[in-house]
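So the structure is just underneath, and the comments pick up after that.
The values are calculated or read from the model by the stated rules, or taken from the named source; none is laboratory data. Model, not experiment: these values are computed from the prediction. Note: ideal-geometry Cβ built from the backbone for every residue, glycine included; neighbour counts use all protein chains shown. Surface areas here come from the heavy atoms of the whole protein model, side chains and all, with no ligands, DNA or RNA. Shrake-Rupley method; radii C 1.70, N 1.55, O 1.52, S 1.80 Å.
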Amino acid sequence: MRRTLLAAAAAALLALPAMAQERTVRVISGFAPGGAGDLMARLIAEYVPPQMGARGVVENRTGANGLIAAEVVARGAPDGMTVLQCPMGSMTITPNLPGAALPVDPRTEMVGVANVALSTYALVVAARGPHQDVPGLLAAARARPGALSYASAGVGSAQHLSVELLKARAGLDIAHVPYRGAAIAVVDILGGRVDFMITNLGDVMRQITGGELRLLALGDDAGSPLFPNARPISAFVPGLQMAGWFGICGPRGMNEESLARWSEATRKALENATFRERLLANGLTPLFEDTRAFNARIAADLRSWGEVIRAAGVRGD
């Protein structure tokens with residue numbers, strides 16, 4: 001018994017250095033549990049930090065279209081111990097909104113670390129509602145200007161701006177009904193209080209497969225292997241493309257070593273077949289972009305969404 005106890009103690013002592021080396025890093029999510037943004041944060045925390053010998057934990061800090069969470073990261077130490085799960089809307093749409101009270105400005109206070117996945121958008125209606133297809137929906141909107149309505153996750157959200165882009169391209173007059181998140185908006189679509197919504201496919205996967213929502217079109221020509229028969233919105237409104245992304249961002253001034261470590265860990269994580277399968281199963285397309293490429297994407301989207309916002313006259317106040 002004494003020899004057994006001594007052996008166990010020795011094994012524990014040998015394990016101490018390895019345990020001491022395991023760090024805990026925080027992945028901050030700006031959205032409530034249940035949506036695509038929170039799911040993405042949890043997948044990042046599960047698969048990326050272990051590539052650096054660390055453990056990831058998720059913290060939800062909701063509000064201001066994800067910028068409350070961005071503020072937590074921007075005000076923290078630039079040592080790579082705290083990062084943001086940053087979606088396209090928070091980084092490129094909200095900063096462009098005139099009158100928006102920004103707790104933090106991603107253009108000057110945040111930096112892209114690595115991109116993880118693209119997210120196709122889905123145009124959905126209630127399965128029991130009157131709208132059967134995109135031509136029918138567009139015809140109904142044209143027949144009764146201002147009578148139809150669409151839901152979004154808030155003024156200035158990607159969902160909001162995506163439909164404003166549709167309205168501009170198709171010459172439509174449709175009322176906007178903003179909500180505090182996609183999950184709440186879906187409830188009113190199912191209840192027949194709002195006609196349709198364009199949102200991340202991951203936000204509505206369960207309701208589509210469960211038969212509660214009807215998928216009328218996908219936002220970009222790449223489509224989704226989960227819905228091979230779904231047509232792209234460009235088939236009905238030529239040239240229209242709507243897709244988002246989910247990446248990892250850090251505070252401006254994040255040191256080069258930390259940027260490189262997170263970027264390489266993301267690349268390695270995306271080689272994991274299970275990680276890729278879980279992304280695909282939730283309507284997300286794995287896409288690694290290193291720090292340089294990801295920041296180029298952010299800059300390009302800042303310009304393009306700025307043009308949409310100015311053309312639509314959207315304000316954040």
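Summary table below
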{"read-out": "C-alpha center-to-center spacing [region 187-222, region 80-99] in angstrom", "value": "24 Å"}
{"read-out": "Local electrostatic count, GLU257, Cβ distance below 12 Å [Lys/Arg +1, Asp/Glu -1]", "value": "-2"}
{"read-out": "Surrounding net charge for ILE68, when Lys and Arg each add one and Asp and Glu each subtract one, Cβ distance under 15 Å", "value": "-1"}
{"read-out": "Cα centroid separation - region 282-317 against region 224-262, whole Å", "value": "8 Å"}
{"read-out": "Sites excluded, trypsin sites (Lys or Arg not before Pro) in DSSP loops with at most 13 other C-beta within 10 Å, longest stretch of the chain", "value": "194-314"}
{"read-out": "Rel. contact order, % - alpha carbon contacts under 8 angstrom, at least six apart, the chain", "value": "26 percent"}
{"read-out": "Whole-percent carbon and sulfur share, accessible surface of region 18-104, 1.4 Å", "value": "53 percent"}
{"read-out": "Helix runs (DSSP H) in the chain reaching 27 Å along axis by Cα, Kyte-Doolittle at least -1.0", "value": "2-21, 291-312"}
{"read-out": "1.4 Å probe accessible area per residue over the chain, in Å²", "value": "45 Å²"}
{"read-out": "Computed helical MRE - 222 nm, the chain, DSSP H runs ≥ 4 contributing -39500 (n - 2.57), nearest 500", "value": "-12500 deg cm²/dmol"}
{"read-out": "Label selected from (1) 18.6; (2) 25.4; (3) 21.2, the criterion being mean projected area of the Cα convex hull in nm² as computed here", "value": "(1)"}
{"read-out": "Share of carbon and sulfur in the accessible heavy-atom surface of region 172-225 [1.4 Å probe, %]", "value": "50 percent"}
{"read-out": "Local electrostatic count at ALA147 - Lys and Arg +1, Asp and Glu -1, tallied over other residues with Cβ under 10 Å", "value": "-1"}
{"read-out": "Relative contact order (percent, whole number), region 23-93, Cα cutoff 8 Å, 6+ residue spacing", "value": "41 percent"}
{"read-out": "Charge-dipole axis of region 74-219 as Lys and Arg at +1 and Asp and Glu at -1 on Cβ define it, positive-most pick from LEU166, GLY181, LEU102", "value": "LEU166"}
{"read-out": "Pair GLU59, ARG303: separation of 7 Å Cα→Cβ label points (nm)", "value": "3.6 nm"}
{"read-out": "Phi-based couplings in Hz for region 107-119 (Karplus 6.51, -1.76, 1.60; Gly and Pro marked x)", "value": "5, 10, 10, 10, 9, x, 9, 6, 8, 10, 7, 9, 10"}
